[in-house]
Amino acid sequence: MELWGESVSRRDLLRRLGTLDQLGGIRLVTMGDGRERGVRVLEVRTGRLSFDILVDRAFDVWRCDLGGMPVSWLSPSGAPGPWFGEQETDWGWLRTFQGGLFATCGLDHTGGPGEDAADRVFAIETPTEHFGLHGRVGLVPARLLGYCERWDGDRCVLWAEGEIRQTSFYGERLVLRRRIEADLGGTSVRVHDEVENIAFDPVTHMQLYHVNIGWPIVEEGSELLIPATEVRDIHDEDPGDYRHLPAPLPSVTERVFEHAVAAGADGIVTVALINRRRGIGFAERFRKTQLPRQNTWWMMAEGFYALGLEPATNRDSGRWEARKRNELLTLESGQTRAYDLEFEVLADAASIGRVEHEVALALESAGR
């Protein structure tokens, strides 16, 4: 493994440590104050990257920093327990939205609130169902399946697994099984998700990863690199030069852009935010066959100042629009759909150059 510019073997590393925890590892803790009291957290340290997994918030990754430099944007709501959720209201999701490295949206709706046909409701007096902003899964506590380190030769992998069940007595029965990995000495977080319909009838499915990057990667002059083959402002306004970020702006509202994206020869889409002045950045990678859309949340207002990179199964216009377009996914009984993502903090010129090359190759393959 690489540590501070040197290649170190497992034997040489362990000869110099009383315990691996001296360098990195995973620790289960429980937050103890305010609205976050009682929320279980897995604290992960790679020796370079540190991040927190919110066990009781869909096993999402919240706080993330590289050597003390913040990477993820954190919401003014904090990370309150799911028992404070207001899921039955249109915009209740905003009361508990934690921000963080990523927040999972779904599992049967993403986008704004509205009414739609219920998937499978045995009570005939309720043929429709209300869907709040970005769905329900983000406030479902996970069953913690395990966490530890695994050695593969001289490589040490830190891992954690959780299971999140979004179920209803007369509705959907969906299970999200999540595995999160990071290499000791590394600057990346890898996520493998599997969503299974455990009911005996088909159920609709949507998924979006609300990836939230903040200052100092988000800064005036920072550049968004995205292999977009088309872009649309969801309010049909001119997108303008949204790829180069301004300084914080007074009293501006959010903007959301929908992208169709090109993948590289390996089927991977790379999207990145680069701060050339500081020589740092952030990149996300995902499979286009799994997540064909990339939505971008642009919130440059003072007191917020965040950029959201949102790989998704669908556009940002909700399940009703996806249904009209014949793009709403259906999982048959027992069917599983997988998602694989990587989030990398770019800490030097070499990693920035590698990501720039990945985006350029994808655009070239799309004829752009």
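The values are calculated or read from the model by the stated rules, or taken from the named source; none is laboratory data. Please read all numbers here as calculations on a predicted model, not as lab measurements. Positions of Cβ are generated from backbone atoms using ideal geometry, with glycine treated the same way; all protein chains shown enter the neighbour counts.
Among (1) in contact with a Phe, Trp or Tyr (Cβ under 6 Å, 6 or more places away or on another chain); (2) more than 30 Å from Leu329 (Cα to Cα), there is one condition Gly100 misses while meeting the rest; what is its number?
The one condition Gly100 does not meet is (2).
Checking the condition within 20 Å of the chain's Cα centre (by Cα) and loosely packed, with under 15 Cβ neighbours inside 10 Å, which residue from Glu43, Glu88 passes?
Answer to the selection: Glu43.
Those residues that are in contact (Cβ under 8 Å) with a residue 60 or more places away in the chain and of a type in the set (A, V, I, L, M), I need them from the stretch 68-84; list them, please.
Met69, Val71, Leu74
Quick check on the stretch 91-99. Is at least one of its residues in a strand (DSSP E or B) and more than 16 Å from Arg319 (Cα to Cα)?
Looking for residues that are in a strand (DSSP E or B) and more than 16 Å from Arg319 (Cα to Cα), one finds at least one in the stretch 91-99, hence yes.
What are the residues in the stretch 297-313 that are over 23 Å from Asp266 (Cβ atoms) and more than 12 Å from the chain's Cα centre (by Cα), if any?
Result: Trp297, Trp298, Met299, Met300, Ala301, Glu302, Gly303, Phe304, Tyr305, Ala306, Leu307.
Looking at Ala349, Ala322, Ala301, which is the one that is of a type outside the set (D, E, K, R) and free of Cβ contacts under 8 Å to residues at least 60 places away in the same chain?
After ruling out the rest, the residue left standing is Ala301.
Please state which of the following conditions Ser251 fails to meet, knowing it meets all the rest: (1) at negative phi; (2) of a type in the set (S, T, N, Q); (3) loosely packed, with under 15 Cβ neighbours inside 10 Å.
Only one criterion in (1) at negative phi; (2) of a type in the set (S, T, N, Q); (3) loosely packed, with under 15 Cβ neighbours inside 10 Å is unmet by Ser251, namely (1).
For the stretch 54-102, how many residues are closer than 20 Å to Gly303 by Cα and of a type in the set (D, E, K, R)?
Qualifying residue count for the region: 3.
Would it be correct to say that Thr104 is part of a strand (DSSP E or B) and in contact (Cβ under 8 Å) with a residue 40 or more places away in the chain?
In short, yes.
Out of (1) within 22 Å of Val218 (Cβ to Cβ); (2) in contact with a helix residue (DSSP H, G or I) (Cβ under 9 Å, 6 or more places away or on another chain), the odd one out for Leu329 is which?
(1)
Within the bounds of the stretch 222-237, is there any residue that is modelled with pLDDT of 95 or more, part of a loop (DSSP other than H, G, I, E, B) and over 19 Å from the mean Cα position of the chain (by Cα)?
yes
Please verify whether the stretch 263-277 includes one or more residues that are in a strand (DSSP E or B), polar (S, T, N, Q) and out of contact with any Phe, Trp or Tyr (no Cβ under 6 Å at 6 or more places or on another chain).
yes
Within the stretch 266-287, can you find the residues that are more than 25 Å from Glu254 (Cα to Cα) and either among the aromatic types (Phe, Trp, Tyr) or under 15 Å from the mean Cα position of the chain (by Cα) (or both)?
If the condition is that a residue be more than 25 Å from Glu254 (Cα to Cα) and either among the aromatic types (Phe, Trp, Tyr) or under 15 Å from the mean Cα position of the chain (by Cα) (or both), then Arg287 is the only one that fits.
So which residues in the stretch 169-218 are assigned to a strand (DSSP E or B) and either without any contact (Cβ under 8 Å) to a residue 60 or more places away in the chain or of a type in the set (D, E, K, R) (or both)?
If the condition is that a residue be assigned to a strand (DSSP E or B) and either without any contact (Cβ under 8 Å) to a residue 60 or more places away in the chain or of a type in the set (D, E, K, R) (or both), then Arg173, Val175, Arg177, Arg178, Arg179, Glu181, Asp183, Arg190, Asp193, Glu194, Glu196 are the ones that fit.
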